[in-house]
Amino acid sequence: MTPITEEQPERRRSQHSRSRALVIGLSVATAIAVTGPAASAHSNRPSTPSFGPNVTIFDPSMPVSQIQAKLDATHAQQVDDEMGTRRYAFLFKPGTYGTAEQPLQFKVGYYTEVSGLGAAPTDVVINGKVEVYNRCLTEGGTANCLALVNFWRTISNLSININAQGQDGCRGSANFWAVSQAVSMRRLNITGGGLSLMDYCTAGPQYASGGFIADSRLPATTNGSQQQWLTRNSEVAGWSNGVWNQVFAGVVGAPDDAAFPNPPYTTLENTPVSREKPYLYVDSRGKYKVRVPSAGRDTRGVTWANGMTPGRSIDLDDFYVAKPGDSVHTINSQLARGRHLLLTPGLYDISRTIEVKKANTVVLGIGHATLTAVNGAVPLEVADVPGAIVAGVTIDAGLRESPVLLRVGSKRGHGHSDRRNPTTLSDVYFRVGGPHVGKTHIALEVNSDNVLIDHTWVWRGDHGVEGFTDTQRWNTNTGRYGAVINGDHVTATGLFVEHFQRYNTVWNGDHGTTILYQNELPYDPPTQADWMNGDVEGYAGYKVGDKVRNHTLWGAGVYVFNQNNPSIHTENGFEVPNRPGVKLHHIMTVNLSAGTIDHVVNGVGDPADTTRIGVPVYITEYPAP
């Protein structure tokens, strides 16, 4: 399997051998580029797993300057590499990094994961800052600086004791995390200052497009210019600002939403169904394990407040640790033997389906491991079994159309599910176009019952480096449906779906729940005739099937920006059956500068047109009480 050819990052505005290392005696520890066992045959310490050349493991005894140099070099390489092929994971062993006099301050670029290897977030402490700034897209200067395309990066399972020593007054005012989609913050403990989800220092405040926080303890947080955001099962000391959609579920200290839409907050006391993402850690004996958190109902706050997150630990020896170039035949053979799967950073060309057939199987990607469909393959399928988990994986459409990129359960519906142990997708991202031509009929198809989708970005690219004009993209990078949910009792916490050519989301299952939905309709239909659903103008951004009797949606937005043809209309942002059991809370449409959404939902609500660019049209409750 050969990775796709690396492309140069786009610079126009968009809306959006083997090495060993062993610390012995009094020797100075160094960064470990993990490609082979670290312990000798005479050592009683567990060996360091082979994670490949794109994983670096830091030890707290390593000089701060050496860690800083490694992280700075990678950021310089990745800061503009939006459509590139390189993937990285930086893992910190338990301990403290940086001092009051010499803090560790670094920034995180594209396709980079920064994670602690402790059993709890407090086991790894960074005295310093971990940040993302606005990306400047014009000739390396400060023109056109924004966070709308700051995608694909991860931070998790560590503490940040904010130390801004050496930074100027503006930079020293907060730890900045100015990001948009496919960016998760999980299991963080941030102290010593404030957190800002926008960058107000680089060319002033600029829009950022959305994000996700879970299982974290946060200081006073400035949301600022973020268009939409989900904070789930966390603690916040305070929260300020918001643009269109700010949703809180199970968050201690969350703001009240009684004045919606001013401010535009949606607050749920508890999260109805939740499960935290599995994480890699090192136990007290130095052995690598994966912690698999238990699922919960009606949860609130962080999972680690009173000790280790409830769940089970799996020795890494029980995982097949895959690397780019491994055959699908080998991966499937290991899964069939009952092993779990850990995907190390890189690109995996998938010409036949990876099949997850056994209950409770864990598929965990690190460093934004990416599966690319080849010859129209379905890259990943999960059988109708309870408790399977897919986390930290990106799935790309390939040059030939795939029927689907990830299928959960069969359409026959004869599988077994367990409401106490839902199959779970955490930080699973989809791309159709962008770095290369992509084609699929459906990106995500869920047929099983009792599935939890915990943060996903399902993206048909509105920009990329494929060499097409925006008009050509409509007929070249094809994706008809983003998410199709056929199973019953499916819950989505953080569902971001954008730019598909028919319905972005179709929800046919009963008793479904979505908590934060963000959608942009496709930018690129050439004409109204290309954007017709029979006799209806356009496709709603969120469609609940006509036969559904129970469905709940909390905090949702559908945006329009018909840049190819501003005269195009979409009749409704949302379409749902008119039944008492179907309820929508705090929904809106908004015009980004072109095109029109005539109504918010089912013919109700004023148009989102060019007379109110950037001004949302809100419906507080549908149907009206």
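Which of the residues spanning the range 439-451 are among the polar types (S, T, N, Q) and either closer than 17 Å to His511 by Cα or outside any strand (DSSP E or B) (or both)?
Selection gives Asn447, Ser448, Asn450.
Could you count how many residues in the range 287-342 are on the phi > 0 side of the Ramachandran plot, assigned to a loop (DSSP other than H, G, I, E, B) and modelled with pLDDT of 95 or more?
Final tally of qualifying residues: 3.
Would you check which residues across the range 484-512 are assigned to a strand (DSSP E or B) and of a type in the set (Gly, Ala, Ser) and list them?
Residues satisfying the conditions are Ala492, Gly494, Gly512.
Here's the yes/no breakdown for (1) modelled with pLDDT of 95 or more; (2) in contact with a strand residue (DSSP E or B) (Cβ under 9 Å, 6 or more places away or on another chain); (3) assigned by TED's automatic domain parsing to the domain that holds Ile366:
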site	(1), (2), (3)
Gly36	no, no, no
Val64	yes, yes, no
His75	yes, yes, no
Gly84	yes, no, no
Thr96	yes, yes, no
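Among the residues of the range 578-625 satisfying the criterion of being small (Gly, Ala, Ser) and buried (at least 19 other Cβ atoms within 10 Å of the Cβ), which is farthest from Asp524 (Cα to Cα)?
Checked the range 578-625; the qualifying residue farthest from Asp524 (Cα to Cα) is Gly605.
If the requirement is being of a type in the set (Gly, Ala, Ser), closer than 26 Å to Ile587 by Cβ and modelled with pLDDT of 95 or more, which of these qualifies: Ser159, Ser180?
So the residue among Ser159, Ser180 that is of a type in the set (Gly, Ala, Ser), closer than 26 Å to Ile587 by Cβ and modelled with pLDDT of 95 or more is Ser180.
Output the number of residues of the range 281-316 satisfying the condition of being farther than 15 Å from Pro121 by Cβ, in contact with a helix residue (DSSP H, G or I) (Cβ under 7 Å, 6 or more places away or on another chain) and not hydroxyl-bearing (Ser, Thr, Tyr).
Counting residues in the range 281-316 that are farther than 15 Å from Pro121 by Cβ, in contact with a helix residue (DSSP H, G or I) (Cβ under 7 Å, 6 or more places away or on another chain) and not hydroxyl-bearing (Ser, Thr, Tyr) gives 2.
For the structure I just gave you, tell me whether Asn262 is out of contact with any strand residue (DSSP E or B) (no Cβ under 9 Å at 6 or more places or on another chain) and either of a type in the set (D, E, K, R) or over 23 Å from Asn421 (Cα atoms) (or both).
yes
Tell me which residues, restricted to the range 374-420, are closer than 22 Å to Gly346 by Cα and polar (S, T, N, Q).
Asn375, Thr394, Ser402
Any idea which of (1) of a type in the set (Asp, Glu); (2) over 25 Å from Pro522 (Cα atoms); (3) at pLDDT 95 or above is the one Asp427 doesn't satisfy?
Result: Asp427 passes all but (2).
What are the residues in the range 454-468 that are more than 22 Å from His569 (Cα to Cα) and assigned to a loop (DSSP other than H, G, I, E, B), if any?
If the condition is that a residue be more than 22 Å from His569 (Cα to Cα) and assigned to a loop (DSSP other than H, G, I, E, B), then Gly464, Val465, Glu466, Gly467, Phe468 are the ones that fit.
Taking into account only those residues within the range 43-78 that are under 27 Å from Glu101 (Cα atoms) and β-branched (Val, Ile, Thr), which is surrounded by the fewest Cβ atoms within 10 Å (Cβ to Cβ)?
Among those that are under 27 Å from Glu101 (Cα atoms) and β-branched (Val, Ile, Thr), it is Val64.
Select from the range 451-468 the residues that are of a type outside the set (Gly, Ala, Ser) and under 23 Å from Trp229 (Cβ atoms) and list them in ascending order.
Passing the criteria: Leu452, Ile453, Asp454, His455, Thr456, Trp457, Val458, Trp459, Arg460, Asp462, His463.
Rundown of residues vs (1) in contact with a helix residue (DSSP H, G or I) (Cβ under 8 Å, 6 or more places away or on another chain); (2) in a strand (DSSP E or B); (3) at pLDDT 95 or above, yes/no style:
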{"site": "Ala529", "(1), (2), (3)": "no, no, yes"}
{"site": "Gly555", "(1), (2), (3)": "no, yes, yes"}
{"site": "Val558", "(1), (2), (3)": "no, yes, yes"}
{"site": "Asn564", "(1), (2), (3)": "yes, no, no"}
{"site": "Gly573", "(1), (2), (3)": "no, yes, yes"}
{"site": "Pro577", "(1), (2), (3)": "no, no, yes"}
{"site": "Asp598", "(1), (2), (3)": "no, yes, yes"}
{"site": "Pro625", "(1), (2), (3)": "no, no, no"}
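Residues are listed down the side, and each one gets a yes or a no for (1) on the phi > 0 side of the Ramachandran plot; (2) surrounded by fewer than 17 Cβ atoms within 10 Å (Cβ to Cβ); (3) of a type outside the set (Ser, Thr, Tyr); (4) more than 19 Å from the chain's Cα centre (by Cα):
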| residue | (1), (2), (3), (4) |
| --- | --- |
| Gln228 | no, no, yes, no |
| Val236 | no, no, yes, yes |
| Trp244 | no, no, yes, yes |
| Val247 | no, no, yes, no |
| Asp257 | no, no, yes, yes |
| Arg285 | no, yes, yes, yes |
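From the list Thr476, Thr440, which one is at pLDDT below 95 and not aliphatic (A, V, I, L, M)?
So the residue among Thr476, Thr440 that is at pLDDT below 95 and not aliphatic (A, V, I, L, M) is Thr476.
Is it the case that the range 192-207 has a residue that's among the charged types (D, E, K, R) and part of a strand (DSSP E or B)?
The answer is no, given that none of the residues of the range 192-207 is among the charged types (D, E, K, R) and part of a strand (DSSP E or B).
Name the single residue that is surrounded by the most Cβ atoms within 10 Å (Cβ to Cβ) among those in the range 125-156 being modelled with pLDDT under 95 and over 24 Å from the mean Cα position of the chain (by Cα).
Asn144
Of the residues in the range 408-438, how many are part of a strand (DSSP E or B) and closer than 14 Å to Trp459 by Cβ?
Adding up the residues that qualify gives 6.
Under 9 Å between Cβ atoms, at least 6 apart or on separate chains: pull out the pairs that start in the range 509-537 with a residue that is over 28 Å from Ser410 (Cβ atoms) and surrounded by fewer than 24 Cβ atoms within 10 Å (Cβ to Cβ) and end on any residue that is of a type in the set (Val, Ile, Thr) and modelled with pLDDT under 95.
Qualifying pairs under 9 Å: Pro526/Thr471.
Can you name every residue in the range 170-191 that is assigned to a loop (DSSP other than H, G, I, E, B) and either over 19 Å from Ala100 (Cβ atoms) or in contact with a Lys or Arg (Cβ under 7 Å, 6 or more places away or on another chain) (or both)?
If the condition is that a residue be assigned to a loop (DSSP other than H, G, I, E, B) and either over 19 Å from Ala100 (Cβ atoms) or in contact with a Lys or Arg (Cβ under 7 Å, 6 or more places away or on another chain) (or both), then Cys170, Ala178, Val179, Ser180, Gln181, Ala182 are the ones that fit.
When you check Ser402 against the structure, is it at pLDDT 95 or above, of a type in the set (Gly, Ala, Ser), more than 19 Å from Val374 (Cβ to Cβ) and not assigned by TED's automatic domain parsing to the domain that holds Gly541, yes or no?
When the stated conditions are applied, Ser402 does not pass them.
Every residue in the range 53-70 that is part of a loop (DSSP other than H, G, I, E, B) and either over 19 Å from Arg153 (Cβ atoms) or in contact with a helix residue (DSSP H, G or I) (Cβ under 8 Å, 6 or more places away or on another chain) (or both), please.
Matches in the range 53-70: Pro53, Asp59, Pro60, Ser61, Met62, Pro63.
Among the residues of the range 376-419 satisfying the criterion of being surrounded by 21 or more Cβ atoms within 10 Å (Cβ to Cβ) and charged (D, E, K, R), which is farthest from Ile366 (Cα to Cα)?
Going through the qualifying residues, I end up with Asp384.
Suppose we filter Asp298, Asp256, Asp283 for residues that are acidic (Asp, Glu) and under 29 Å from Ala608 (Cα atoms); which single one remains?
Asp256
Could you tell me which numbered condition Gly365 fails, if it satisfies all but one of (1) in the same structural domain as Phe90 (by TED's automatic domain parsing); (2) small (Gly, Ala, Ser); (3) part of a strand (DSSP E or B)?
With (1) in the same structural domain as Phe90 (by TED's automatic domain parsing); (2) small (Gly, Ala, Ser); (3) part of a strand (DSSP E or B) applied to Gly365, the lone miss is (1).
The values are calculated or read from the model by the stated rules, or taken from the named source; none is laboratory data. Being a predicted model, the structure only gives us computed values, none of them experimental. Positions of Cβ are generated from backbone atoms using ideal geometry, with glycine treated the same way; all protein chains shown enter the neighbour counts.
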